[in-house]
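See below for the structure under consideration.
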Amino acid sequence: MKKKVGIIGSGIAGLSSAVRMAARGYEVHMFEANGYPGGKLCEISIGNYRFDAGPSLFTMPEYFEDLFATVGKKFSDYCPYQKLDPITHYFYEDGTRYKTHASAEKSADEMAVQLNGNKKDILHHFENSKKLYELTAETFLHQSIHHYENFSFIDLMKISANLKTLNLFTTMHDINHKKFNDAKLVQYFDRFATYNGSNPYEAPGTLNVIPHLEHNVGAFFPKGGMVSISRSVYNLAVELGVHFHFNTKVNEIKVEKKKVIGLSFNEVKREDNKHIDVAKSEFLPVDLVISNMDVAYTYRKLLPNEKHPEKTLNQPRALSAMVFYLGIKKEFPELGLHNIFFSKDYKHEFDRFFKQQSLAEDLTIYINISSKYEKDDAPKGCENWFVMINTPPHTGQDWDTLIKNARKNIIAKLSRILNEDIESLIEVEDILEPRIIETRNLSWQGSLYGNSSNNKFAAFLRHSNFSSKIKGLYFCGGSVHPGGGIPLSVLSAKIVDDLIPKK
């Protein structure tokens, strides 16, 4: 008889775990409270406009190629994708504009001209980012850092010898400020802290590893939009015989004698962003449980009778987001797939996020426009704008007022910089905000990336990919090691796959 594994949550990490467990010969049962797979990596339609609802940047496709290769398949056959060039368009209030490109050399050329930077210094920063990745990836990203047998003497010696290079004891901003004279260039490199919801003025300089993924490896676009990524992994999981239980909420992970024995669950329907029970609770005996649910919710909701790792669960949370999905009745040739409109005072913006738990008036705005590549995502002559700002996590703020003010400031800023009355061009509109993120995706406090990385030991304070107290309980996804974002979530599933035979 096959061993059974229950996976809670069909985000990209849960789907990846389902594929890997099926490849190992397990009978896999995936439980998802929503009626669709993918978690945050999903889509919405408003009128004649289609939007990728969540993550919009695709990097490190090799992690998906590795996942599909475990069952002799090619990811690109399921989800064709192309390399982007240019990658991102950048805008400032004073009229400064520039683009980053697939070629690091070309990006450095344009940034040197537009931002008064030194090309050699910019290329050197890209190269240092690559070195940071090579130093840290195998040791800190590709394996569990909580399973001490993974660390060899050579690993520890390499880390010790390169402590200075890792910049653990200097902030990301301080490193960038020392390297570059131009404030806009510093702001550009500080921005990468937001890729995992952190504060560049507090996060360690080690996070300067992130530009490597974009500048040295590249950014990509999947045919059909970002939802094609989760859809492709879901389709592969179905082919492998994974049992999907949609509109089904797990109520408790059952534990006896410190060992997982099964899952209690029931069918639900969705009303007002809440899941309402429509059936009596059932029980499925399983040998293993992998939770792709936020680790805080996993403990607080599903393990009521077990001791909770309070120190880990109470770490400061990473940023959340506010997204306005706007159908725009015009095409803007100066915009691309990815667009950033920087604030004038980045420090003030992050102080408002992390110290006041609020929003500044002048915000950095990100716009994703998938209709630049997928013409059917918007009517002819129109564009689908995914307009996002970072926000603090949900801790009881007056979000209705914050949303009203943010929308006004965003529309005014975009109208100034693009010299167009944006309000008059909005045909359809919807919103995603921290309260909805928390209830729809069960992300604690609406955080997109779990705990923040705002201190030098943050990587070690993330929850491990396994429980040291409960046998047969594992964790994947952005709230646990190695962190948030699509690439690291996929890696978390691989780490769990590697751990199971060791445990």
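Things to note:
- Filter pass, Phe51 being under 24 Å from Val496 (Cα atoms) and surrounded by 15 or more Cβ atoms within 10 Å (Cβ to Cβ): no
- Residues that are farther than 19 Å from Glu93 by Cβ, in a helix (DSSP H, G or I) and either of a type in the set (Phe, Trp, Tyr) or touching a residue at least 60 places away in the same chain (Cβ under 8 Å) (or both) within region 417-433 comprise just one, Leu425.
- Residues that are at pLDDT below 95 and part of a strand (DSSP E or B) are absent from region 281-294.
- Test: residue in region 465-483 that is among the β-branched types (Val, Ile, Thr), farther than 18 Å from Ser198 by Cβ and modelled with pLDDT under 95: no
- Check on Leu414, in contact with a Leu (Cβ under 6 Å, 6 or more places away or on another chain) and either open to solvent by 40 Å² or more (accessible area, probe 1.4 Å) or in a helix (DSSP H, G or I) (or both): no
- Condition check for Gly241: open to solvent by 30 Å² or more (accessible area, probe 1.4 Å) and either basic (Lys, Arg) or touching a helix residue (DSSP H, G or I) at 6+ places or on another chain (Cβ under 7 Å) (or both): yes
- Some residue of region 434-445 being open to solvent by 20 Å² or more (accessible area, probe 1.4 Å), assigned to a loop (DSSP other than H, G, I, E, B) and either modelled with pLDDT under 95 or in contact with a Phe, Trp or Tyr (Cβ under 7 Å, 6 or more places away or on another chain) (or both): yes
- Restricting Tyr63, Tyr36 to those that are surrounded by fewer than 21 Cβ atoms within 10 Å (Cβ to Cβ), in a loop (DSSP other than H, G, I, E, B) and of a type in the set (Phe, Trp, Tyr) reduces the list to Tyr36.
- Restricting attention to region 268-299, the residues that are of a type in the set (Gly, Ala, Ser) and surrounded by fewer than 16 Cβ atoms within 10 Å (Cβ to Cβ) add up to 2.
- All conditions but one from (1) in contact with an Asp or Glu (Cβ under 8 Å, 6 or more places away or on another chain); (2) farther than 29 Å from Ile365 by Cα; (3) open to solvent by 40 Å² or more (accessible area, probe 1.4 Å) apply to Gly9; the one that does not is (3).
- Odd one out for Gly478, checked against (1) in a loop (DSSP other than H, G, I, E, B); (2) over 29 Å from Lys269 (Cα atoms); (3) not hydrophobic (A, V, I, L, M, F, W, C): (2)
- Criterion (in contact with a Leu (Cβ under 9 Å, 6 or more places away or on another chain), at pLDDT 95 or above and open to solvent by 10 Å² or more (accessible area, probe 1.4 Å)) met by exactly one of Lys158, Lys223, Lys184, Lys258: Lys184
- The set of residues from region 115-125 being part of a helix (DSSP H, G or I) and out of contact with any Ser or Thr (no Cβ under 8 Å at 6 or more places or on another chain) comprises Lys119, Lys120, Asp121, Leu123, His124, His125.
- Verdict on Phe91 being farther than 21 Å from Asn176 by Cα, surrounded by 20 or more Cβ atoms within 10 Å (Cβ to Cβ) and not aliphatic (A, V, I, L, M): no
- Positions within region 460-478 being open to solvent by less than 10 Å² (accessible area, probe 1.4 Å) and farther than 21 Å from Asn305 by Cβ, in sequence order: Asn465, Cys476, Gly477
- Residue satisfying all of: in region 16-33; touching a His at 6+ places or on another chain (Cβ under 6 Å) and hydrophobic (A, V, I, L, M, F, W, C); surrounded by the fewest Cβ atoms within 10 Å (Cβ to Cβ) among these: Ala33
- Residues located in region 94-113, provided they are touching a residue at least 24 places away in the same chain (Cβ under 8 Å), farther than 26 Å from Ile411 by Cβ and surrounded by fewer than 19 Cβ atoms within 10 Å (Cβ to Cβ): Ala102
- The set of residues in region 492-503 being of a type in the set (A, V, I, L, M, F, W, C) and either open to solvent by 10 Å² or more (accessible area, probe 1.4 Å) or without any contact (Cβ under 8 Å) to a residue 12 or more places away in the chain (or both) consists of Ile500 alone.
- Scanning region 392-405 for residues that are open to solvent by 40 Å² or more (accessible area, probe 1.4 Å) and touching a helix residue (DSSP H, G or I) at 6+ places or on another chain (Cβ under 8 Å) returns His394, Thr395.
- The set of residues in region 174-189 that are touching a helix residue (DSSP H, G or I) at 6+ places or on another chain (Cβ under 9 Å) and free of Cβ contacts under 8 Å to residues at least 60 places away in the same chain comprises Asp174, Ile175, Asn176, His177, Lys179, Ala183, Val186.
- Evaluation of Lys119 against the conditions (1) touching an Asp or Glu at 6+ places or on another chain (Cβ under 7 Å); (2) more than 30 Å from Arg416 (Cβ to Cβ); (3) open to solvent by less than 10 Å² (accessible area, probe 1.4 Å) shows that the sole unmet condition is (3).
The values are calculated or read from the model by the stated rules, or taken from the named source; none is laboratory data. A quick note: this is a predicted structure, and the numbers were derived from the prediction, not measured. Glycine also receives a Cβ, built like all others from the backbone with ideal geometry; neighbour counts cover every protein chain displayed. The accessibility values were calculated without ligands, DNA or RNA, using every heavy atom of the protein model including side chains. Shrake-Rupley method; radii C 1.70, N 1.55, O 1.52, S 1.80 Å.
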